[in-house]
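**Q** Below: one structure in structure tokens.
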Amino acid sequence: MQGRCFTIASERVVMSSRVENPAAQLEIHGQLAEISPWPMMILDSRCLLVSSNSSCRKLLHSSISLNPGTPFEQLIREKDRPRIQDWFDNLIAEGNPQERESKAEVSIPPGSLKSIRCRLHSPISRWRKIKLTAKQFVDADQCYFLICLDDARHRIKNKKAINKQRRLMLSLLDNTGAVAYAKDLRGQYLYINSLFEELFHVDRLSVKTMTDYDIFTDDVARIFQKNDLNIVQSGEMQRTQEVVPHDDGLHTYISVKFPLTDSNGEIFGIGGISTDITEQLHNQQELQAAQAVQRLLYPDKSPSFAGYDMAGSVLPAESVSGDYYDYITVAPGRVVVAVGDVSGHGLGPALEMVEVRSYLRAILRTEVRLDVAMECLNEFLYHDLRECAFVTLFLAEINFQTHSFHYVGAGHRADFLKANGDRICLPSTGLMLGVDERVNFQFSPQFVFEPGDQLILSTDGICETMTPEKELFGREGMIDFVEAHRSEPASEIVERLLNTCQKLNGLETQADDMTAVLVKRI
């Protein structure tokens, strides 16, 4: 095959060069050899080397000097030399009728003189099998030969490499987890991978006579045909969403389709890789439903009491949050403010947050003390939470008539900021929820709410925010922020606090959910 390409290429160039400048054949053939990817050399009528290209020198590995004037016979195995000399003689005779008559007795007939096999010197294996293909040309009345060297071993090696690459590509397509295929311009399949076979119950041999109309319903096939036509008309890769029937129902795919082109850039078919996104779409719909439910469960507004300003908000790290805050009225003028954090973030913790809310509201309907309520809640969560999951929770029962509050903390703390500048830490009074079945919680002493005092409840997503300088925002940073804005409404302070933490993260993904509730006595 390579010998045929050599001959065709040289014949085309020589034919065109004859038209351009018949007196510059040596220069033209030298340029042809230099740009050729194949090993080539030029010999004169005495079989002396005129020039060789880099591929030729690489093939022979400079085992013998390839300087101009080097006899070609030095490169040939001695046993082959007479046969090669006859070959050259007959080449000359082919181009000259008088010479042809005088060489009528040679052993190789003129019709077989285009190519010949021999062994050339090689440093790798002493003699290398080579197929020589020659083209005779004349320059300034001198006869020359353009010789193309076809290395059988190299060709076999290239063929093995191509086959290896083909097997690798087929293996990748068979294990890619997506449906892969190729079609010609008539819509007939040229190739399908193993997943295509499995899902649509066809095999690679029989599919080569099929179109989409033989595999899918007419409605589906028409859509595929329309999408394929767009690829051919645009000549560009396109992404489309396609719905395909499976044994278990309809599946949605993202299909990346692209034109297949030949060596001349002409489109001869369409290739495609289609990825099943049915499960992702289902999960997305579930997540959207969870978001809608969660938005309904968060307080739509804060309680309103004379002389007080309250606000709370959540900034989730993902689409749904594992953080929890709530206002639960337990008696006239008495409200339990709750802030909690389920370990992790995402859909799982968000669902567990809903469970915490439901249990807590049911328990507090009995008007039990906060420490007893927390112990009951812990027993429920111990049996229900995911393995290794836990919940931190802070409950503050505020009596707006007596301007006082008690609290219980389960692995969770809060901060009471006095109008005189004192900062009172409200530490946890018991273990986090869901870790141990039997846990006792302490009921805090009473704290008095005076005008100008602020109670700030938050989750650790705020305090653990990292600045661009990789410094921790910290609890002190949060308290300083609240103190610096104490003259502003509670809703603005909470909103600004969360926005500030979000900006501090910069372009980095938010590491955790953030929740803050602020209660101010005016």
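The values are calculated or read from the model by the stated rules, or taken from the named source; none is laboratory data. The model shown is predicted, which means the values in this text are computed figures rather than measured ones. In this analysis, Cβ positions are derived from the backbone assuming ideal geometry, glycine residues included, and neighbour counts consider all displayed protein chains.
**Q** Quickly run through region 505-522 and pick out the residues that are exposed (fewer than 14 other Cβ atoms within 10 Å of the Cβ) and either hydroxyl-bearing (Ser, Thr, Tyr) or touching a Leu at 6+ places or on another chain (Cβ under 7 Å) (or both).
**A** Thr509
**Q** May I pose another question? Residues in region 200-217: is at least one touching a helix residue (DSSP H, G or I) at 6+ places or on another chain (Cβ under 7 Å), within 16 Å of Leu60 (Cα to Cα) and at pLDDT below 95?
**A** No, there is no match, as no residue in region 200-217 is touching a helix residue (DSSP H, G or I) at 6+ places or on another chain (Cβ under 7 Å), within 16 Å of Leu60 (Cα to Cα) and at pLDDT below 95.
**Q** Please verify whether Ala134 is closer than 25 Å to Asp44 by Cβ and in the same structural domain as Asn53 (by TED's automatic domain parsing), treating the condition exactly as stated.
**A** When the stated conditions are applied, Ala134 passes them.
**Q** Considering region 66-83 alone, what residues qualify as being closer than 26 Å to Arg155 by Cβ and surrounded by fewer than 21 Cβ atoms within 10 Å (Cβ to Cβ)?
**A** The answer is Leu66, Thr70, Glu73, Gln74, Arg77, Glu78, Lys79, Asp80, Arg81, Arg83.
**Q** Among the residues of region 401-434, how many are surrounded by 11 or more Cβ atoms within 10 Å (Cβ to Cβ) and either modelled with pLDDT under 95 or not in a loop (DSSP other than H, G, I, E, B) (or both)?
**A** 16
**Q** Now, a different point. For region 183-222, which positions are among the aliphatic types (A, V, I, L, M), more than 16 Å from Ile273 (Cα to Cα) and surrounded by 13 or more Cβ atoms within 10 Å (Cβ to Cβ)?
**A** Across region 183-222, the qualifying residues are Leu185, Val202, Val207, Met210, Ile215, Val220, Ala221.
**Q** Which residues, taken from region 478-493, are touching a helix residue (DSSP H, G or I) at 6+ places or on another chain (Cβ under 9 Å) and either at pLDDT below 95 or more than 17 Å from Leu426 (Cα to Cα) (or both)?
**A** Phe481, His485, Arg486, Glu488, Ile493
**Q** Would you please list the contacts, defined by Cβ atoms under 7 Å and residues six or more apart or on different chains, that run from a residue in region 137-156 that is farther than 19 Å from Leu26 by Cα to a residue that is part of a strand (DSSP E or B) and of a type in the set (D, E, K, R)?
**A** Asp150/Lys131; Asp151/Arg128; Ala152/Lys129; Ala152/Lys131; Arg153/Arg128; Arg153/Lys129
**Q** Given the conditions (1) in contact with a Ser or Thr (Cβ under 8 Å, 6 or more places away or on another chain); (2) among the hydrophobic types (A, V, I, L, M, F, W, C); (3) surrounded by 17 or more Cβ atoms within 10 Å (Cβ to Cβ); (4) under 30 Å from Gly506 (Cβ atoms), which single one is not true for Leu287?
**A** Failed condition: (3).
**Q** Could you say whether any residue in region 6-16 is at pLDDT 90 or above, buried (at least 20 other Cβ atoms within 10 Å of the Cβ) and closer than 28 Å to Asn158 by Cα?
**A** First, pick out the residues of region 6-16 that are at pLDDT 90 or above: none.
The answer is no, given that none of the residues of region 6-16 is at pLDDT 90 or above, buried (at least 20 other Cβ atoms within 10 Å of the Cβ) and closer than 28 Å to Asn158 by Cα.
**Q** Taking the residues in region 44-75 that are among the β-branched types (Val, Ile, Thr) and farther than 14 Å from Ile147 by Cα as candidates, determine which candidate is nearest to the chain's Cα centre (by Cα).
**A** Ile64
**Q** Among residues belonging to region 435-459 that are assigned to a loop (DSSP other than H, G, I, E, B), touching a Ser or Thr at 6+ places or on another chain (Cβ under 9 Å) and of a type in the set (S, T, N, Q), point out the one that is nearest to Glu387 (Cα to Cα).
**A** Filtering first and then ranking leaves Thr459.
**Q** Can you pull out the residues in region 498-522 that are in contact with a helix residue (DSSP H, G or I) (Cβ under 6 Å, 6 or more places away or on another chain) and modelled with pLDDT of 90 or more? Please lay out each step first, then the result.
**A** Applying the first criterion (in contact with a helix residue (DSSP H, G or I) (Cβ under 6 Å, 6 or more places away or on another chain)) to region 498-522 yields 501, 512-514, 516, 518, 520.
Selection gives Cys501, Met514, Ala516, Leu518, Lys520.
**Q** Please specify each residue of region 464-504 satisfying the condition of being within 34 Å of the chain's Cα centre (by Cα), part of a helix (DSSP H, G or I) and buried (at least 18 other Cβ atoms within 10 Å of the Cβ).
**A** Hits for region 464-504 are Leu498, Cys501.
**Q** Follow-up question, since we're still on this one. If the requirement is being touching a residue at least 60 places away in the same chain (Cβ under 8 Å), surrounded by 23 or more Cβ atoms within 10 Å (Cβ to Cβ) and under 30 Å from Asp453 (Cβ atoms), which of these qualifies: Val337, Val342?
**A** Result of the check over Val337, Val342: Val337.
**Q** Check every one of the strands (runs of 3 or more DSSP E) wholly within region 237-298 and list those with 1 or more residues that are closer than 30 Å to Asp326 by Cβ and at pLDDT 95 or above.
**A** Filter on region 237-298 gives an empty set.
**Q** Would you call His406 assigned by TED's automatic domain parsing to the domain that holds Ala338, under 28 Å from Glu352 (Cβ atoms) and either among the polar types (S, T, N, Q) or in contact with a Pro (Cβ under 9 Å, 6 or more places away or on another chain) (or both)?
**A** yes
**Q** Please pick out the residue among Ile116, Ile108 that is assigned by TED's automatic domain parsing to the domain that holds Lys79, in contact with a Phe, Trp or Tyr (Cβ under 8 Å, 6 or more places away or on another chain) and modelled with pLDDT under 85.
**A** Ile108
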